[in-house]
Amino acid sequence: MSKVQLPNTKLFINNEWVESISGKKFKTFNPTNEELICEVSEGDKEDVDKAVKAARNAFENGPWGTTMSSEERGRIILKLANLIENHKEKLAQLETLDNGKSIVSAREDIDFCVRVIRYFGGWADKIQGKTIPISSEFTSITKHEAIGVVALIVAWNYPVMLLCWKLGPALAAGCTIVAKSSEFTPLTALYLCELFKEAGFPPGVFNLVNGFGATVGNALSYHMDIDKISFTGSTITGRKIMEGAAKSNLKPVTLELGGKSPNIFFSDCQIDHCVEAAKDYVFSNNSQNCCFSSRFFVHESIHDAFLALFTEKIKQLKVGDPYEESNNLGPLVSKQQHDRVLGYIEKGKSEGATCHLGGVKHQIDGKGYFVQPTIFTNVTDDMTICKEEIFGPVVVILKFKTVDEVIKRANNTTYGLAAGIWTKDISLALNVSNKLKAGSVWVNNYDNCLPQVPFGGFKQSGIGRDLSEYAIQSYLSVKAVTIAH
Ligand code: NAD
């Protein structure tokens, strides 16, 4: 394992590093060896108030929210993208240390951060309203104004990437920000703070208050002076955040929540191609991925051949030290997550499913929260492992006969984040994609998130969209001005 440079671990408010008012700290651990990495300043409600004041002041009185041109804002955002790119290796090393994801995945995450911030930097001076001709006496115009101070709360599975997905559109729209990263993975967001300063963001535009959900997250959700909240995490927490927004100032929410995504393999799909692709995406990020295709529906005519080839490929994946580039899976993020995933594996066995591959923990010198890639067969749709989000490397293989049947079963979930379709028949793919209740449908590819393409959930997988032009809209207020002339 390489020596990783740790960032400043205080709160970041008004472009300054400050201790939390209470002086409390929380610990962040290395999931590979279970050792303490460092202690991080733990924010509380009073720290949130302080950060919100800084963000409000930057929005109402600072250059960012008042005199700065949209072109200049765009230039600063693009500078941030360049700095993230220049610091790619350090950010990736830090992400692997804190989260346990393979260094190869961590580098891919940082590349994606750069693409996303760059994409949104380009948008900053292209946000425009409309002129609406009414009559010879009236003309209306619409103005798209930054919504104000926004809170960004993110999960631990893609710590810096999820933050960048939200930072990009919020900054392009001209908002100011109070962010909170997950208490399990605070380090890369802390590292970003110095890059914000170096890029030239005025004080108060970006503030980071780390801490726990029940305190910092709750204070942000209920805050009367936050104009919008954008959240990525579990459906249970999303509900709490929406409740906080509803019970305070009715701030709008964007919620990116959980999933139990189906991946459908029709009889004409090219099995070897599908399996080769699946080997790359299915257990990547240790399957701690909201759009992880946890339910594989395989047509009965190809089921056995598919399973044999898939098993052979998955056996080639290596679990181990995430800094070793040849390893595909590192440890899960935490002991809680490790216990939870192992608990689901036991539940699958006790409910009568067959653990076809994996299903065991894996440790290095008796340490680390590793789980082998696991495949279950003989699974029925009502089993817990087929219904609940496991958020770990456990996939179930299900057989289907007809198109109508598979659509019904694929949609038989409270979630609706993503889905995959594999077939050479494009009209079948289009018809099925029309009927799947999911925010992202990938045909003959999977988990292919792109800066220009909206990402978000149907049903209990969320509200609103990250990425693309759609994300920017959610950080803007539309004002209609009607002029009599
Ligand atoms: P989580 O909901 O436990 O925590 C997410 C964030 O919310 C953390 O920063 C946490 O501190 C904070 N939080 C916790 N309680 C809070 C409260 N009461 N008020 C405000 N904030 C609170 O989720 P997690 O375990 O970190 O992440 C895993 C979940 O995230 C999975 O369900 C996964 O599907 C989902 N996720 C969704 C997407 C998406 O884009 N749809 C992406 C990644 C992860």
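Values computed for the structure shown
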quantity: Point-charge dipole on Cβ atoms (K/R +1, D/E -1) for the chain, about Cα centre, debye to 20; calculated: 720 debye
quantity: Long-range Cα-Cα pairs in the range 71-211 (distance over 27 Å), rounded percent; calculated: 25 percent
quantity: Proportion of all alpha-carbon pairs of the range 155-205 beyond 15 Å (%); calculated: 46 percent
quantity: Residue pairs, from the table K3/K279; K79/K166; K90/K126; K88/K315; K240/K335; K166/K315, whose Cα atoms sit over 26 Å apart; calculated: K3/K279; K90/K126; K88/K315; K166/K315
quantity: log10 of Debye I(q)/I(0), alpha-carbon scatterers only, for the chain at 0.10 Å⁻¹; calculated: -0.76
quantity: For Y470, Y191, order by how many other beta-carbon atoms lie within 10 Å, fewest first; calculated: Y470, Y191
quantity: Residue (of L36, V52, I103) at the positive-pole extreme of the chain, dipole from beta-carbon charges; calculated: V52
quantity: Per-residue Cβ neighbour rank within 10 angstrom, fewest leading, T131, T254; calculated: T131, T254
quantity: 37 °C / 0.692 mPa s Stokes-Einstein diffusion coefficient of the range 1-46, Kirkwood radius on C-alpha pairs, µm²/s; calculated: 273 µm²/s
quantity: Interchain or long-range residues, amide H under 5 Å from C38's placed H; calculated: T28
quantity: Likely footprinting exposure, E324, E35, E256, fewest C-beta neighbours within 10 Å first; calculated: E35, E324, E256
quantity: Dipole magnitude of the range 266-423 about its Cα centre (Cβ charges: Lys, Arg +1; Asp, Glu -1), debye to nearest 20; calculated: 340 debye
quantity: From phi via Karplus (6.51, -1.76, 1.60), per-residue ³J(HN,Hα) for the range 74-91 in Hz, x at Gly/Pro; calculated: x, 4, 5, 5, 5, 5, 4, 4, 4, 5, 4, 4, 5, 9, 3, 5, 5, 5
quantity: Theoretical ellipticity at 222 nm over the chain - DSSP helices of four or more residues, -39500 (n - 2.57) apiece, nearest 500; calculated: -11500 deg cm²/dmol
quantity: Shape of the range 44-96, Cα gyration tensor, a/c cut at 1.5; calculated: oblate
quantity: Cα-based equivalent ellipsoid of the range 253-410: semi-axis lengths in Å, sorted from largest, via gyration tensor; calculated: 25, 18, 15
quantity: GluC sites (Glu not before Pro) within the range 379-457, DSSP loop, no more than 16 other Cβ atoms inside 10 Å; calculated: E388
quantity: For the chain, cysteines whose Cβ has no other cysteine Cβ within reach (under 4.7 Å); calculated: C38, C175, C193, C269, C274, C290, C291, C355, C386, C449
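Bear in mind that the values in this text are calculations on the coordinates, not laboratory data. Since this is a predicted model, take the numbers as computed values, not measurements. Backbone-built Cβ (ideal geometry, glycine too); neighbour counts: all protein chains shown.
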